[in-house]
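S.K.: Take a look at this one; I'll ask things after.
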Amino acid sequence: MLAFFRIFLAAIFIVFTTLFALVYCTLFKPRDPKHVHFFCRWFNQLQRIVGVELIHRGQEKIADTSKAVYISNHQNVFDFVTSPGMLPPRAVTIGKKSLLWIPFFGQLYWITGNILIDRENKSSARNTIQQVADAIHKRNLSVWMYPEGTRSKGRGLLPFKTGAFRMAIEAGVPIVPMCVSSIHNKISLSNRDNGIVIAEMLDPIDVSGYELADARKLADHCHELMEKKIAELDAEVAQLEQARTGDKVTISS
């Protein structure tokens, strides 16, 4: 019953947000990058429906970073609950063209200014890297990507594709990793309390010393940093949840 109620609330939330976004964005510059940050703040409220406590931190590390390529681990559908609140102003995400066909969410994704690419067409993907790198400067953008390319679904941090790193090198902007503690088999819509999730921004990584040929080296370096940080976040979450459970037991006794 709880799961059904949450799905019902989330569906109403997404439908209402999409209809509002279609009107709002049409009236105030459709596909303007500022809309992504605005509506991500709305999506950040999904944590209340899902029953998870989010801890977001590290945003002060990017206070002086106007343009960047942000990368994050991609775990499952609940990334749409845990990650949106971390998206900085004038950052857009890059997703598959197939997202456009998801009812309501696909239209919301497009009208707010995110970028859709054809990942099946390798030639188009190469052109997209150059086009996005140019847009970063011409439109004063940052971009947000999942370098694993697919959801990990409990398999740990998957190997990174090089597109995001080539994009950063091409544009000459830093890479900023953002790590989310593990949520595989952690969040269930049937559970009243789905515990704690930590999302943390890491320090920007200067790419000025890298050439395009070094994209794989840069990707592997970021993968190592993020894998280590995710393990640290998981350990911290376990401690926090254990302490919280202990507090509850103490109070009840």
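The values are calculated or read from the model by the stated rules, or taken from the named source; none is laboratory data. For clarity, every value in this text was computed on a predicted model and none was experimentally measured. With ideal geometry, Cβ positions are generated from the backbone for all residues, glycine too; neighbour counts draw on all protein chains shown. We work out accessible area using only protein heavy atoms, side chains counted, and drop any ligands, DNA or RNA first. Shrake-Rupley method; radii C 1.70, N 1.55, O 1.52, S 1.80 Å.
S.K.: What's the number of the condition R155 fails, among (1) crowded, with 21+ Cβ neighbours inside 10 Å; (2) modelled with pLDDT under 95?
M.R.: It is condition (1) that R155 fails.
S.K.: Can you pull out every residue in region 65-106 that is in a helix (DSSP H, G or I), open to solvent by 30 Å² or more (accessible area, probe 1.4 Å) and either among the β-branched types (V, I, T) or in contact with a helix residue (DSSP H, G or I) (Cβ under 9 Å, 6 or more places away or on another chain) (or both)?
M.R.: Once the filter is applied, which keeps residues that are in a helix (DSSP H, G or I), open to solvent by 30 Å² or more (accessible area, probe 1.4 Å) and either among the β-branched types (V, I, T) or in contact with a helix residue (DSSP H, G or I) (Cβ under 9 Å, 6 or more places away or on another chain) (or both), region 65-106 yields F80, S98, L99, L100, F105.
S.K.: Moving on to the next point. Whether any residue in region 163-181 is open to solvent by 50 Å² or more (accessible area, probe 1.4 Å), within 16 Å of the chain's Cα centre (by Cα) and of a type outside the set (F, W, Y) is what I want to check. Walk me through how you get there before you give the answer.
M.R.: In the first step, residues of region 163-181 are kept if they are open to solvent by 50 Å² or more (accessible area, probe 1.4 Å); the result is 166, 170, 172.
Now drop any that are not within 16 Å of the chain's Cα centre (by Cα), which leaves none.
No, because not a single residue in region 163-181 is open to solvent by 50 Å² or more (accessible area, probe 1.4 Å), within 16 Å of the chain's Cα centre (by Cα) and of a type outside the set (F, W, Y).
S.K.: While we're here: With K96, K138, K153 as the choices, which residue is without any contact (Cβ under 8 Å) to a residue 40 or more places away in the chain, within 25 Å of A10 (Cβ to Cβ) and of a type in the set (K, R)?
M.R.: On inspection, the qualifying residue turns out to be K96.
S.K.: When you scan region 227-249, do you find a residue that is of a type in the set (S, T, Y) and modelled with pLDDT of 95 or more, even just one?
M.R.: no
S.K.: Hey, can you tell me all the residues within region 103-131 that are at pLDDT below 90, of a type in the set (V, I, T) and within 18 Å of the chain's Cα centre (by Cα)?
M.R.: Hits for region 103-131 are I115, I117.
S.K.: Any residue at all in region 242-250 that's of a type in the set (K, R), open to solvent by 60 Å² or more (accessible area, probe 1.4 Å), outside any strand (DSSP E or B) and more than 27 Å from N44 (Cα to Cα)?
M.R.: No, region 242-250 has no match at all.
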